[in-house]
Amino acid sequence: LVYDMSLYGRGLVFTSIRPPLGDPCSAGLASTIYAIDPDTGGKTDYVAFDVNGDGTFNAADNLAGQQVNGYEVGPGKPTISGAKIFDSSG
């Protein structure tokens, strides 16, 4: 965790950075954005990411039947604006 967490609605949003998967000695960074329940530190009780990009947050955004609370993004601090979260790639 490099940047401060942001409280957004009923969740804490933050990113982590790490070396790329596969070869930790290769150039570059990878990052994951997370949304967690601030009271428990666990997953949120709602769908936090519109994984399929259809503009709604529902069960269709689950992967393999599981709710997504972490999503790989470009490295950098996320920006929250207009009910959307933007990573460094936009």
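The values are calculated or read from the model by the stated rules, or taken from the named source; none is laboratory data. Because the structure is predicted, anything quoted here is derived from the model rather than measured. Counting neighbours? That spans all protein chains shown, and the Cβs are built from the backbone with ideal geometry, glycine included.
Numerical summary
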{"item": "Which listed residue, of 61, 45, is at pLDDT 85 or above, touching an Asp or Glu at 6+ places or on another chain (Cβ under 9 Å) and buried (at least 16 other Cβ atoms within 10 Å of the Cβ)", "result": "61"}
{"item": "Long-range neighbours under 6 Å by Cβ, at least six apart or interchain, first residue within 14 Å of residue 32 (Cα to Cα) within the range 1-15, second surrounded by 17 or more Cβ atoms within 10 Å (Cβ to Cβ) and small (Gly, Ala, Ser)", "result": "13/35; 15/31"}
{"item": "Count of the range 16-26 residues which are free of Cβ contacts under 8 Å to residues at least 12 places away in the same chain and exposed (fewer than 12 other Cβ atoms within 10 Å of the Cβ)", "result": "6"}
{"item": "Any hit, the range 27-47, residues being over 21 Å from residue 1 (Cβ atoms), touching a helix residue (DSSP H, G or I) at 6+ places or on another chain (Cβ under 7 Å) and without any contact (Cβ under 8 Å) to a residue 40 or more places away in the chain", "result": "yes"}
